[in-house]
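Student: The structure is given below, and queries will be raised subsequently.
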Amino acid sequence: MNLFIVALIVIALGGLSSLMPKLPQRRESVIGNGLIVLGCIVGLVPAIQVLTGSPVPSLSLPWAVPGGEMKLAIDPLSALFLLLLFIVSGSAVTFGIPYFQRYAKEHSLKSVQLFLSSLILSMALLFTAQNAMLFLAAWEIMALSAFFLIIFEDHDEQVRKAGLLYLIMTHTGTLCLFVVFLLLGRAADSFSFSQMAGNAALLDVGAPVFLLALIAFGIKAGFMPLHIWLQEAHPAAPSPVSALMSGVVIKAGIYGLARVISFFPSFPAWWGVLLVMIGTISGILGVLWALAQHDVKRLLAYHSIENIGIIALGLGFGCLGLSLHHPVVGMLGLAGGLWHVLNHGLFKSLLFLGAGSVFHATGSRDMDHMGGLWKKMPGTGLCVLVGSVAICGLPPLNGFVSEWLIYNASFNLGLHYGSFYFLLGVPALALIGALAAACFTKAFGVQFLGSARTEAAAQAREGGPLMLIPMLLLAALCFWIGLFPGYFLPVMGRVTSVFSSATPEEFRDVTANQAGLLSVVSWLSLGIIGVIGLLALVRHLLLKNKPVDASATWGCGYTVVSSRMQYTSSSYAQFSTSLVRDLLAPEVHVENATGYFPSQGHFESHTPDTVLDRFLPWINAGIHGGLRRIQRLQQGRVQWYLAYVLIFLIGLLIWQFHGVSVAWNKLFLLEMTDSLRR
Amino acid sequence: MLTTFIPLGVTLVAAPLVPGLINKTKAAFAGRQGPPLFQLYFDLLKLLNKGAVYSRVTTWIFRAGPIVSLASVIVAALFVPVAGTASLSFSGDIIAFAYLLGLGRFFTVLAALDTGSSFEGMGASREVTFAMFAEPTLFIIFVILARVTGSLSLSSMLTQAPLVGTPSMAGLLALVVFSLFIVCLAENSRIPVDDPATHLELTMIHEVMVLDHGGPDLAFILYGASIKLFVMVAMLAHLVFPMPDGSPVQSGLVFGSLMALITIVIGIVESAMARLRMVRVPRLLMAACMIACFGMIISLR
């Protein structure tokens, strides 16, 4: 625990160093960010300790808040999220050192540094807090720090709007969270998590707590249809911040949900069913909207919603397994879902950093302005390729492993229980997988392959080693987990043992059984790489003494091929999105080229968020219309207002008289009955 | 140890026969003599001995595409039984099988986009769109087979499913075989989804994606495609008729004749039908998906 406290202090120092007035900006940014990165590295140690099976003592400090207690503890569930937090923050902050320099002229970077450090600190507190008051305090600091980071480019109106939307949504969530913890605290008679865990008294408030927690944490995590802030805030924030937001902040929602579920010693099956349904909806709709985007960060934001859906599917299967007392399904679902939290945190922050690197080089987030970037930025290209393969859940990378567990949970559930809902998980996951592959072949292919579509893309350059190293590190971690999942399964076994409703002995058997299967998966992944290497060698030998020429791409006889003829992100996705036209409802403006020698044509498409841009305005219009009718009361004439006062007073009198008469009657009747009885 | 790899070896050696047999069938229907049965072997040999021409636009993704797709198909072929036994089988290998095919598709599509040609982009766009239907259908079929046999490995699913002797099973299997057949046609770009015989029409999918590949790269692609076709036909072969328990020779003969039969059926379909209009293809695939869904509902009882 000491190391953890040291890490927190170092991170705090890193943030506070930005308040020192004298340092020149360049050096200050290196010192401050360096301290934050150092703190993250130190903080990894206790997290890894706990995950490898050696517990760390908890820490209690006096804290003069009613019901509050400054108690920090690292259990395996906390440690998993801390691991993710420190890896992603360390990478994102390192990446940010060169990245933010482009803003240095017109912007002070002090705020970024301060709020980055407070964001990391508050999340570290959140993941270790053992008391509801402390949890809420950390939750609020996290939400506000993230807000100030999102509105970094506050001269842009879009950014301000996105920030405001985020602020409203996160506080709506906090409101629900207050109720959740009040209910839990009253039932357990304490705000301490150790008192809540496994407490049978919680069963009375189970349903309202679960539903409210689902809303509160669902807003943060981005469950459909509560996701509306996500696709606005992620593109608005600077890339390292979006990496942190998508990699860790939205996972805080998953952490909270898992934590609250872990308190309950048992729960009904509908919790799991509800989570599975939310997961299916978020997963499929998230990836469909992603497919229709051409802003790369918006696309990635929608993919976060999709992956949160996959995580919810895993947790849902886990909960179903727990409530049906089927340890295989329970263990596989929970382990798969929580493992996907780690995996998604790694590859999504990698992809956001990649998007940042491309933005740094080209100044654009629109994929249709890029192309051929692989030749200019091979390092970024390689990292984004690794991230893209991983996010599609393809072997031999880490996404495959966690999805494999969730698939297995789903198949096992289907084998043993003949309910249609249970079976839907498998085709849903398959559909999500196919759509994700479509989406990331598009995102990677349009940006990095082919030829450059604009001058900026043709002039792109890598941003330097400080931007590349964090991405390479994250990519290496994705490979490592994908190739050697056997190391991580015992870790996941420990994480799932946190759940009060789980039976550790049974889980241990399942873990042992699955370890064998995962070692086969590991060999399989190594096998694929081996076969690829072998075939590459064969190809090399075959081509050794043969003529290998370079030429133009075959244009079917047409010789004036230009880069504008390439498939763009919109045209690539057009066929698949046209099949779900009614759902996505893209706004299309076409100006057809006419005549035999057409001079110009024009096509523009934009896919708004159906919930935010269509459904909510519709609801709002309804409320507005209703209120307009009441508006007639507001006349602006004093006579009328006096009349209202009079009417109100008379009403009050009648009501009061009525009340008095009732009371009098009661009293009278009581006396009557009393006297009768006498 | 070596005997474990016999099924994979048979797959790798015999795979180019399947397209040859389809072409023979089509030739017979058209009243032609047609290319020899072993034509694909000759083509592959010739291509392997050629040099290569690469577009200046391309990067090493273009060169990696054929290698990764062939490698992933070969590894996926490990799980598919030949005459009742597979080289490798473990609980959950169905997921690995489907995702390996997905990996191959991912890199084929990237290689196509790497050329910067609108033809290849078009093919890539269509390929991923049809996968949207084919993959869930394949997984629904796996769910049905898992429920029927209680197993999660491809080889035991396929070998045990026709042995379940209940009357409703026959109907269920018919649904499974029908939708798997359509998935097989779509995944292997056969008529009525795609036409493997031409590649310069604007309507093509797979052939147009590999337009710029040549030499050993094209050989890898053609070989990989034939393995994929062999593997899916083998899956169908196990479902339509149970493999006998007897000697390897006996089951090998049964398997071989079933493979030939299904291949000829594909050839007949290709001779008798025209390719569907592009906008109709999703409907066909959706129908296959719905049929599989019916099967899933039946399997719930």
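The values are calculated or read from the model by the stated rules, or taken from the named source; none is laboratory data. Bear in mind that the values here come from a model prediction, so they are computed numbers and not experimental data. Because the Cβ atoms are built from the backbone with ideal geometry, glycine has one as well, and the counts that use them run over all protein chains shown.
Student: Filter the stretch B:204-236 down to the residues that are β-branched (Val, Ile, Thr) and closer than 21 Å to B:Leu253 by Cα, then identify the one that is farthest from the other protein chains (Cβ to nearest Cβ). Break it down stepwise before answering.
Tutor: Just the residues of the stretch B:204-236 that are β-branched (Val, Ile, Thr), to begin with: B:205, B:208, B:210, B:221, B:227, B:231, B:233.
Checking the rest, the ones that are also closer than 21 Å to B:Leu253 by Cα come to B:227, B:231, B:233.
Working: B:Ile227: 12, B:Val231: 15, B:Val233: 22 Å.
Checking each candidate, the answer is B:Val233.
Student: OK, next. Being more than 20 Å from B:Leu185 (Cβ to Cβ), within 13 Å of another protein chain (Cβ to nearest Cβ) and in a helix (DSSP H, G or I) narrows it down to one of B:Pro66, B:Pro7, so name that one.
Tutor: Step by step, each of B:Pro66, B:Pro7 is checked, and only B:Pro66 is more than 20 Å from B:Leu185 (Cβ to Cβ), within 13 Å of another protein chain (Cβ to nearest Cβ) and in a helix (DSSP H, G or I).
Student: Can you go through A:His340, A:His325 and tell me which one is free of Cβ contacts under 8 Å to residues at least 60 places away in the same chain and within 25 Å of A:Ala515 (Cβ to Cβ)? Don't jump to the end; show me each part of the working.
Tutor: Numbers: A:His340 fails: free of Cβ contacts under 8 Å to residues at least 60 places away in the same chain.
Going through A:His340, A:His325 in turn, the sole match is A:His325.
Residue-by-condition table, conditions (1) closer than 30 Å to A:Val560 by Cα; (2) in contact with a Cys (Cβ under 8 Å, 6 or more places away or on another chain):
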residue: B:Ala83; (1), (2): no, no
residue: B:Gly92; (1), (2): no, no
residue: B:Gly102; (1), (2): no, yes
residue: B:Ser125; (1), (2): yes, no
residue: B:Pro136; (1), (2): no, yes
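Student: Across the stretch A:463-487, what is the total count of residues that are closer than 25 Å to A:Gly34 by Cβ and not in a helix (DSSP H, G or I)? Walk me through how you get there before you give the answer.
Tutor: From the stretch A:463-487, those closer than 25 Å to A:Gly34 by Cβ are A:463-477; that's our starting set.
Going one step further and asking which of them are not in a helix (DSSP H, G or I), we end up with A:463-464.
Count: 2.
Student: With respect to B:Leu154, determine if the residue is more than 10 Å from every other protein chain (Cβ to nearest Cβ), touching a residue at least 40 places away in the same chain (Cβ under 8 Å) and out of contact with any His (no Cβ under 8 Å at 6 or more places or on another chain). Write out each step before concluding.
Tutor: Details: more than 10 Å from every other protein chain (Cβ to nearest Cβ): yes; touching a residue at least 40 places away in the same chain (Cβ under 8 Å): yes; out of contact with any His (no Cβ under 8 Å at 6 or more places or on another chain): yes.
Criteria met by B:Leu154.
Student: OK, next. One residue is enough: does the stretch B:193-200 have a residue meeting the conditions within 13 Å of another protein chain (Cβ to nearest Cβ) and crowded, with 19+ Cβ neighbours inside 10 Å?
Tutor: Within the stretch B:193-200, not a single residue is within 13 Å of another protein chain (Cβ to nearest Cβ) and crowded, with 19+ Cβ neighbours inside 10 Å.
Student: With (1) assigned to a loop (DSSP other than H, G, I, E, B); (2) within 14 Å of chain A (Cβ to nearest Cβ) as the list, and B:Pro36 as the residue in question, which single condition is left unmet?
Tutor: (2)
Student: What number of residues within the stretch B:246-300 satisfy the criterion of being over 25 Å from B:Met122 (Cβ atoms), out of contact with any Pro (no Cβ under 8 Å at 6 or more places or on another chain) and either of a type in the set (Gly, Ala, Ser) or not in a helix (DSSP H, G or I) (or both)?
Tutor: Number satisfying all stated conditions: 13.
Student: Specify which of the listed residues (B:Val128, B:Val80, B:Val73) is facing chain A (nearest Cβ under 7 Å) and not polar (S, T, N, Q).
Tutor: Exactly one of B:Val128, B:Val80, B:Val73 is facing chain A (nearest Cβ under 7 Å) and not polar (S, T, N, Q), namely B:Val128.
Student: Right, next: Here are some conditions: (1) closer than 24 Å to B:Ala272 by Cα; (2) in contact with a Gly (Cβ under 7 Å, 6 or more places away or on another chain); (3) not polar (S, T, N, Q). B:Pro16 meets all but one. Which one does it not meet?
Tutor: With respect to (1) closer than 24 Å to B:Ala272 by Cα; (2) in contact with a Gly (Cβ under 7 Å, 6 or more places away or on another chain); (3) not polar (S, T, N, Q), B:Pro16 is out only on (2).
Student: Quick test of your reading of the structure: B:Met243 fulfils all but one of (1) in a helix (DSSP H, G or I); (2) closer than 30 Å to A:Val531 by Cβ; (3) in contact (Cβ under 8 Å) with a residue 24 or more places away in the chain. Name the failing condition by number.
Tutor: Every listed condition holds for B:Met243 apart from (1).
Student: Restricting to the stretch A:64-82, count the residues that are crowded, with 18+ Cβ neighbours inside 10 Å and over 17 Å from A:Met196 (Cα atoms).
Tutor: Residues in the stretch A:64-82 being crowded, with 18+ Cβ neighbours inside 10 Å and over 17 Å from A:Met196 (Cα atoms): 5 in total.
Student: Does at least one position in the stretch A:253-269 carry a residue that is more than 17 Å from A:Ser78 (Cβ to Cβ), in a loop (DSSP other than H, G, I, E, B) and either modelled with pLDDT of 90 or more or within 13 Å of the chain's Cα centre (by Cα) (or both)?
Tutor: no
Student: Here's another thing I want to ask about it. When you scan the stretch A:383-437, how many residues do you find that are more than 7 Å from every other protein chain (Cβ to nearest Cβ) and either closer than 16 Å to A:Leu351 by Cβ or without any contact (Cβ under 8 Å) to a residue 12 or more places away in the chain (or both)?
Tutor: Final tally of qualifying residues: 13.
Student: Suppose we filter A:Gly318, A:Gly381 for residues that are closer than 14 Å to A:Tyr407 by Cα, part of a helix (DSSP H, G or I) and assigned by TED's automatic domain parsing to the domain that holds A:Gly464; which single one remains? Steps first, answer last, please.
Tutor: Numbers: A:Gly381 fails: closer than 14 Å to A:Tyr407 by Cα.
Just a single option satisfies the conditions, and that option is A:Gly318.
Student: For the stretch A:157-189, what are the residues that are free of Cβ contacts under 8 Å to residues at least 12 places away in the same chain and either outside any helix (DSSP H, G or I) or in contact with an Asp or Glu (Cβ under 9 Å, 6 or more places away or on another chain) (or both)?
Tutor: A:Arg160
Student: If you take the residues of the stretch A:438-450 that are part of a helix (DSSP H, G or I) and over 22 Å from the mean Cα position of the chain (by Cα), which of them is farthest from the other protein chains (Cβ to nearest Cβ)? Give the steps one after another, and end with the answer.
Tutor: Residues of the stretch A:438-450 that are part of a helix (DSSP H, G or I), as a first pass: A:438-448.
Then drop every residue that is not over 22 Å from the mean Cα position of the chain (by Cα), which leaves A:445-448.
Values: A:Gly445: 3, A:Val446: 7, A:Gln447: 10, A:Phe448: 8 Å.
Per the stated criteria, the residue is A:Gln447.
Residue by residue, here is whether (1) under 30 Å from A:Thr559 (Cα atoms); (2) modelled with pLDDT of 90 or more; (3) surrounded by fewer than 21 Cβ atoms within 10 Å (Cβ to Cβ) holds:
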position	(1), (2), (3)
B:Arg56	yes, no, yes
B:Ile67	yes, yes, no
B:Gly92	no, no, no
B:Ile95	no, yes, no
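Student: Just one of A:Val531, A:Val580, A:Val520, A:Val510 is touching a residue at least 12 places away in the same chain (Cβ under 8 Å), surrounded by 13 or more Cβ atoms within 10 Å (Cβ to Cβ) and either within 30 Å of A:Val611 (Cβ to Cβ) or at the interface with another protein chain (Cβ under 7 Å from one of its Cβ atoms) (or both); which is it?
Tutor: None of the others qualify; the one that does is A:Val580.
Student: Could you tell me which of the residues A:Ser364, A:Ser357, A:Ser323 is modelled with pLDDT of 90 or more and not aliphatic (A, V, I, L, M)?
Tutor: A:Ser357
Student: If you don't mind, there's one more thing I want to ask. B:Gly104: modelled with pLDDT under 90, touching a helix residue (DSSP H, G or I) at 6+ places or on another chain (Cβ under 6 Å) and more than 8 Å from chain A (Cβ to nearest Cβ), yes or no?
Tutor: No; evaluated as a whole, the condition is false for this residue.
Student: Which ones in the stretch A:355-377 are closer than 15 Å to A:Val446 by Cα and either among the acidic types (Asp, Glu) or in a helix (DSSP H, G or I) (or both)?
Tutor: If the condition is that a residue be closer than 15 Å to A:Val446 by Cα and either among the acidic types (Asp, Glu) or in a helix (DSSP H, G or I) (or both), then A:Ala355, A:Val358, A:Phe359, A:Thr362, A:Asp366, A:Met367, A:Asp368, A:His369, A:Leu373, A:Trp374, A:Lys375, A:Lys376 are the ones that fit.
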